[in-house]
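S.K.: One structure, pasted below without further comment.
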Amino acid sequence: MIAVVSHDAGGAEILSSWLKRSKETYCLVLDGPAVGIFGRKIGNLQTHSLEVAIDMSDWVLCGTSWQSNLEKRAIIQAKAAGKKVIAFLDHWVNYLERFQFEGHTVYPDELWVGDVNAERIARKTFPSMKVCIYPNPYFADIQIEIQSMSRDLRNSAECSILYVCEPIREHALVAYGNERYWGYTEEDALRFFLENVALVGCAISEVTIRPHPSENKDKYVWAGQESSSVIETASTKTLMQQIIEADVVVGCESMAMVVALLARKRVISSIPPGGKVCSLPQPAIEHLQKIVSKHQGIIGG
């Protein structure tokens, strides 16, 4: 029996996709965005309290979260109960911060990662911990979904842009007590993009802004008031529907950008000057700062 513990969307996508492929019995401890994601992909959910699930289980599999301490408490309680606990990392950034809890570092017994890039980062960050690769099951589901979806043909001279958001300042405040710890906020990045959208290199037909699952759907309404290109700042469509419909996907270092690469979309990081370097390791991701610098060099030359 496995206790599967999840809160944030990224970890929930991976764990639910892994669970679909597993033949082992399980019990679920879910909260936040994970409830809807597991419900959509697994269905007929029966959840338990963390204490009951750990007591019922032989070992524990959890994601990682910045919005919640649920998984960190799972690691602590599983170890106290003498049960193995594994964390599946769902991204390529902020690994150490994912295990900070009340001024201490809370380590699982083992880490699972979905690709060689994540493995390299995890081994460098946690040199003494066991790290295992399990090909990303969420990405496998995405590939199946991409093949099943079709996109309406549009004027090839124009391009549609999907901008995927992240709660950067909220994350920085929780982790470091400073909203500008990484040198920029999500509003800075979006404004940098909107100010330079003409340099993307195609005639822009529309810009759709997709808030992160943890963000208020009205958080970016101001962008539509500042830019005539923005047609939508919230949608009932799924992430995959919006990615398939877009020509270009822009964000800071969101998982959605990597999903867009799987869908063979052009992907651009909008981290503005003064911000941290984009940590996503995928070489196909372009960087708006470089696009702007190149344009300024051409104009200056």
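The values are calculated or read from the model by the stated rules, or taken from the named source; none is laboratory data. This structure is a prediction, so every number in the text was calculated from the model and none was measured. Cβ atoms come from the backbone with ideal geometry, glycine included; neighbour counts cover every protein chain shown. These accessible areas exclude ligands, DNA and RNA; they are computed on the full protein's heavy atoms, side chains included. Shrake-Rupley method; radii C 1.70, N 1.55, O 1.52, S 1.80 Å.
S.K.: Quick one: is L280 closer than 27 Å to G32 by Cβ and part of a helix (DSSP H, G or I)?
M.R.: Working: closer than 27 Å to G32 by Cβ: yes; part of a helix (DSSP H, G or I): no.
So L280 fails the test.
S.K.: Still on this structure: Would you please list the contacts, defined by Cβ atoms under 6 Å and residues six or more apart or on different chains, that run from a residue in the stretch 115-138 that is more than 20 Å from A12 (Cβ to Cβ) to a residue that is open to solvent by 100 Å² or more (accessible area, probe 1.4 Å) and of a type in the set (D, E, K, R)?
M.R.: V131/R123
S.K.: Return the residues of the stretch 266-301 that are touching a residue at least 60 places away in the same chain (Cβ under 8 Å) and under 18 Å from the mean Cα position of the chain (by Cα); say none if nothing qualifies. Steps first, answer last, please.
M.R.: Initially, the stretch 266-301 is screened for residues touching a residue at least 60 places away in the same chain (Cβ under 8 Å), giving 268, 270-276, 279-282, 288, 291-292, 295.
Those that are touching a residue at least 60 places away in the same chain (Cβ under 8 Å) and under 18 Å from the mean Cα position of the chain (by Cα): I268, S270, I271, K276, S279, L280, P281, Q282.
S.K.: Say whether the condition of being aliphatic (A, V, I, L, M), on the phi < 0 side of the Ramachandran plot and at pLDDT below 90 is met by at least one residue in the stretch 214-231. Before the answer, list the steps.
M.R.: The initial filter retains those residues of the stretch 214-231 that are aliphatic (A, V, I, L, M), namely 221, 223, 230-231.
Pick out the ones that are also on the phi < 0 side of the Ramachandran plot and you get 221, 223, 230-231.
Going one step further and asking which of them are at pLDDT below 90, we end up with 230-231.
Yes, that holds for at least one residue.
S.K.: On the given criteria, is Y163 open to solvent by less than 60 Å² (accessible area, probe 1.4 Å), in contact with a Pro (Cβ under 9 Å, 6 or more places away or on another chain) and not hydrophobic (A, V, I, L, M, F, W, C)?
M.R.: Values: open to solvent by less than 60 Å² (accessible area, probe 1.4 Å): yes; in contact with a Pro (Cβ under 9 Å, 6 or more places away or on another chain): no; not hydrophobic (A, V, I, L, M, F, W, C): yes.
Taking the combined requirement at face value, the residue does not satisfy it.
S.K.: Give the residues of the stretch 245-268 that are farther than 18 Å from P211 by Cβ, of a type outside the set (A, V, I, L, M, F, W, C) and buried (at least 16 other Cβ atoms within 10 Å of the Cβ), sorted by residue number. Please lay out each step first, then the result.
M.R.: At the first step, the residues of the stretch 245-268 found to be farther than 18 Å from P211 by Cβ are 247-248, 258, 261-268.
Next cut, of a type outside the set (A, V, I, L, M, F, W, C) only: 247, 264-266.
Answer for the stretch 245-268, where residues must be farther than 18 Å from P211 by Cβ, of a type outside the set (A, V, I, L, M, F, W, C) and buried (at least 16 other Cβ atoms within 10 Å of the Cβ): D247, K265, R266.
S.K.: Do we find that V221 is of a type in the set (V, I, T) and surrounded by fewer than 20 Cβ atoms within 10 Å (Cβ to Cβ) in this structure? Explain how you work it out, then say what you get.
M.R.: Details: of a type in the set (V, I, T): yes; surrounded by fewer than 20 Cβ atoms within 10 Å (Cβ to Cβ): yes.
When the stated conditions are applied, V221 passes them.
S.K.: So D188 ticks every box in (1) of a type in the set (D, E, K, R); (2) part of a helix (DSSP H, G or I); (3) without any contact (Cβ under 8 Å) to a residue 60 or more places away in the chain but one. Which box is left unticked?
M.R.: (3)
S.K.: Among the residues that make up the stretch 291-301, is at least one of them of a type in the set (A, V, I, L, M), surrounded by fewer than 14 Cβ atoms within 10 Å (Cβ to Cβ) and either in a helix (DSSP H, G or I) or in contact with a Phe, Trp or Tyr (Cβ under 8 Å, 6 or more places away or on another chain) (or both)?
M.R.: Among the residues of the stretch 291-301, at least one is of a type in the set (A, V, I, L, M), surrounded by fewer than 14 Cβ atoms within 10 Å (Cβ to Cβ) and either in a helix (DSSP H, G or I) or in contact with a Phe, Trp or Tyr (Cβ under 8 Å, 6 or more places away or on another chain) (or both), which makes the answer yes.
S.K.: Moving to a separate point now. Being more than 16 Å from the chain's Cα centre (by Cα) and open to solvent by less than 70 Å² (accessible area, probe 1.4 Å) is the filter; apply it to the stretch 129-139 and report the residue that is nearest to S17 (Cα to Cα). So that I can check it myself, show each step before the final result.
M.R.: Keep residues of the stretch 129-139 that are more than 16 Å from the chain's Cα centre (by Cα), which gives 129-135.
Right, trim to open to solvent by less than 70 Å² (accessible area, probe 1.4 Å) and you get 129, 131-133.
Numbers: M129: 24, V131: 20, C132: 17, I133: 15 Å.
My answer is I133.
S.K.: Continuing with the same structure: Which ones in the stretch 207-228 are in contact (Cβ under 8 Å) with a residue 12 or more places away in the chain, assigned to a loop (DSSP other than H, G, I, E, B) and either closer than 25 Å to H171 by Cα or touching an Asp or Glu at 6+ places or on another chain (Cβ under 7 Å) (or both)?
M.R.: Residues satisfying the conditions are P211, H212, P213, S214, E215, K217, D218, K219, Y220.
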